[in-house]
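Novice: Once you've had a glance at the structure underneath, I'll fire off some questions.
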Amino acid sequence: MTTVAKKSSRALVAGAVGLFVHSWVLAAIPVQRWTQASGAQIYLVESPAIAMLDVEIDFDAGSRRDPPSQAGLAGVTAGMLEKGVRAKDGAPALDENALGQAWADLGAQFSAGAGADRMSFSLRSLTDPALLAQAVALAARQIAEPSYPEAVWERERQRLQAALKESYTRPGTVAGLAYSQAVYGHHPYGYEMTEATLAKISVADMRAAHAAGVAACRARISLVGAVTRAQADALAARLLSRLPQTPCASLPPLPAVPEVEPLAQAQEKTIPFDSAQAQVLIGQPGFKRADPDYFPLIVGNYILGGGGFVSRLTNEVREKRGLTYGVSSSFSPGLHAGSFTVGLQTRPDQAAQAVALVRQMVKDFVDNGPTQTELQAAKDNLVGGFALRIDSNRKLLANLAGIAWNDLPLNYLDTWTQQVEKVTTADIRAAFARKLQPGKMVTVILGATP
């Protein structure tokens with residue numbers, strides 16, 4: 001490793017530990033936003049404490065846009081970006097080994113991935129002008145000019161097929177697949193890559209998905225680091241410079257994605273499985289991230305089952321009755337209604353008792369909400385722990401990208417604790433009553449004693 005790379009790596013590790021300006025935890029976090037001529041939306045938080053820059057670039061190209069017969073397309077399209085870039089405009093082709101070495105020599109980090117809603121590219125580099133310029137230039141090539149080599153894809157396809165087969169031996173995977181399909185039905189949120197869908201994905205499909213989804217005009221770029229607005233604007237433009245600069249108005253519109261349908265009735269799926277613990281998942285479609293009930297729902301869920309050892313579910317199911325080592329509830333809001341899920345593992349002969357108890361507790365919470373004592377304890381924990389959500393540039397970047405992607409107010413982080421503080425027990429009770437129908441939930445029980 002070169003001396004430059006060694007120094008860069010040490011700095012990147014230090015940054016990952018959490019070198020963030022502590023005073024910002026106590027003061028306002030100034031988020032700047034503007035739109036470039038290309039149509040790309042830029043979000044910036046200047047963080048001059050260390051000479052580092054973190055960037056996330058998001059596109060509406062997540063798995064919700066996968067064809068049903070090619071579930072997993074977005075994920076492999078993003079995953080194959082690290083396998084090489086093609087030669088263009090005088091820049092030589094780089095295979096996966098050369099690409100990895102190039103990033104190592106710079107001491108910088110680049111990654112790509114796809115979730116349900118978005119395809120994301122992440123860059124972390126020191127802001128030394130020479131290093132940053134090279135890192136941005138390499139990232140721009142990787143974003144715009146992936147080579148998608150056929151031979152490498154065939155190798156990766158075989159690896160993924162083997163991983164899928166192995167995953168089907170794990171009870172958590174089997175239960176999760178059944179649960180997701182039951183909750184989401186035919187909505188893309190319920191699509192899961194299988195050996196059959198993987199077999200139908202070609203290099204041509206990946207290139208088409210990349211071309212359709214990764215357009216400069218549709219980018220949302222979030223930056224946190226030791227750069228000014230002018231520098232951030234220039235960096236963002238260079239990151240997108242190798243993509244086609246076609247205005248969005250001239251591009252075919254992205255197809256509309258339907259909303260998640262509510263469940264019409266309760267469903268229970270019992271899956272035989274030889275395992276020491278029964279896997280239990282109970283839930284339904286929840287809410288979209290843009291829902292105005294967001295804060296009452298997250299505060300209420302913290303009380304119900306999201307607060308670990310201080311949650312009601314843990315107290316009743318684990319501490320009082322010893323039915324599980326761990327139980328939790330969660331919401332997963334996105335551009336569409338993500339699931340509300342209660343999950344636990346228990347002894348197979350106790351599964352029926354645990355399921356009955358959880359169902360009753362969810363119903364009681366929806367009907368009656370929390371107590372004032374529970375609410376105050378939750379507020380104290382959430383507000384007191386807020387600083388830990390933004391105590392490093394990387395964590396702050398994740399929050400900034402969330403603001404960008406979900407069109408949240410620029411002062412969202414500044415007002416987060418106030419939004420939590422103003423939630424009342426009545427707010428929680430009303431929000432849960434609007435979103436959850438305890439009598440129409442999916443229950444998946446894998447490995448219970450007959």
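Read-outs: derived from the displayed coordinates by stated rules, not from any lab. Keep in mind that this is a model prediction, so the values were computed, not measured. For neighbour counting, all protein chains shown are included, and Cβ atoms are generated from backbone atoms with ideal geometry for every residue, glycine included.
Novice: Per residue, how big is the convex hull around the C-alpha atoms of region 18-250? Give it to me in cubic angstrom, could you?
Specialist: Taking only Cα atoms, region 18-250 has a hull volume of 163 Å³ per residue.
Novice: So what's the gap between the Cα centers of region 356-375 and region 71-127, to the nearest angstrom?
Specialist: What the calculation gives is 46 Å, centre to centre.
Novice: Something else now. Explain nothing, just the number: relative contact order of region 328-450, from Cα pairs under 8 Å at least 6 residues apart, as a whole percent.
Specialist: Taking the mean separation of contacting Cα pairs over the length of region 328-450, I get 36 percent.
Novice: Taking a quarter of the surface of the Cα convex hull of region 267-446, what do you get in nm²?
Specialist: About 10.9 nm², averaged over all directions.
Novice: If you don't mind, there's one more thing I want to ask. Using a cut-off of 18 Å between alpha-carbon atoms, which aspartates and glutamates can reach Lys88, once sequence neighbours fewer than 8 places away in the same chain are excluded?
Specialist: Straight-distance partners of Lys88: Glu96, Glu145.
Novice: List, largest first, the extents of the alpha carbons of the chain along their principal axes, each in whole Å.
Specialist: The principal-axis extents, from largest down, are 67, 52, 46 Å.
Novice: Another question about this same structure. Please report the net charge: other residues with Cβ closer than 15 Å to the Cβ of Tyr189, K and R +1, D and E -1.
Specialist: On the way: positive: Arg64, Arg65, Arg118, Lys288, Arg289; negative: Asp60, Asp66, Asp117, Glu192, Glu259, Glu261.
Net of charged neighbours comes to -1.
Novice: Which residue, Thr127, Ser250, Ala237, has the largest displacement toward the positive end of the dipole of region 18-250 when charges sit on each Cβ (Lys, Arg +1; Asp, Glu -1)?
Specialist: My answer, from the dipole projection, is Ser250.
Novice: Next up: On a 25 Å Cα-Cα criterion, which of the cross-link pairs Lys288/Lys363; Lys288/Lys395; Lys165/Lys395; Lys165/Lys288; Lys83/Lys288 come out too long?
Specialist: Details: Lys288/Lys363 21 Å; Lys288/Lys395 22 Å; Lys165/Lys395 34 Å; Lys165/Lys288 33 Å; Lys83/Lys288 35 Å.
Result: Lys165/Lys395; Lys165/Lys288; Lys83/Lys288 exceed 25 Å.
Novice: So what is the relative contact order of region 54-98, in percent, for Cα pairs below 8 Å that sit 6 or more residues apart?
Specialist: 22 percent
Novice: In terms of Cα to Cα distance under 18 Å, which lysines are near enough to Lys422, apart from those fewer than 8 places away along the same chain?
Specialist: Within reach: Lys379.
Novice: Ranked from highest to lowest mean number of other Cβ atoms within 10 Å per residue, what is the order of the peptides 189-200, 303-314?
Specialist: 303-314, 189-200
Novice: For region 67-175, what value does the Rg/Rh ratio take when both radii are computed over Cα atoms and Rh is the Kirkwood radius, given to two decimals?
Specialist: Here Rg/Rh amounts to 1.04.
Novice: In whole Å, what is the distance between the alpha-carbon centres of region 290-305 and region 217-258?
Specialist: Taking the Cα centre of region 217-258 as reference, the centre of region 290-305 is 32 Å away.
Novice: Another question, then. Taking amide H positions as placed in the peptide plane 1.01 Å from N, state which residues far from Ser339 in sequence (5 or more) or on other chains have amide H under 5 Å from it.
Specialist: So Ser339 has HN proximity to Gly286, Ser332.
Novice: Just want the ordering: His187, His210, from fewest to most Cβ atoms lying within 10 Å of their own Cβ.
Specialist: Ranking His187, His210 by Cβ neighbours within 10 Å, fewest first, gives His187, His210.
Novice: Just need the relative contact order of the chain here, percent rounded to a whole number, with Cα pairs under 8 Å and 6+ apart.
Specialist: 22 percent
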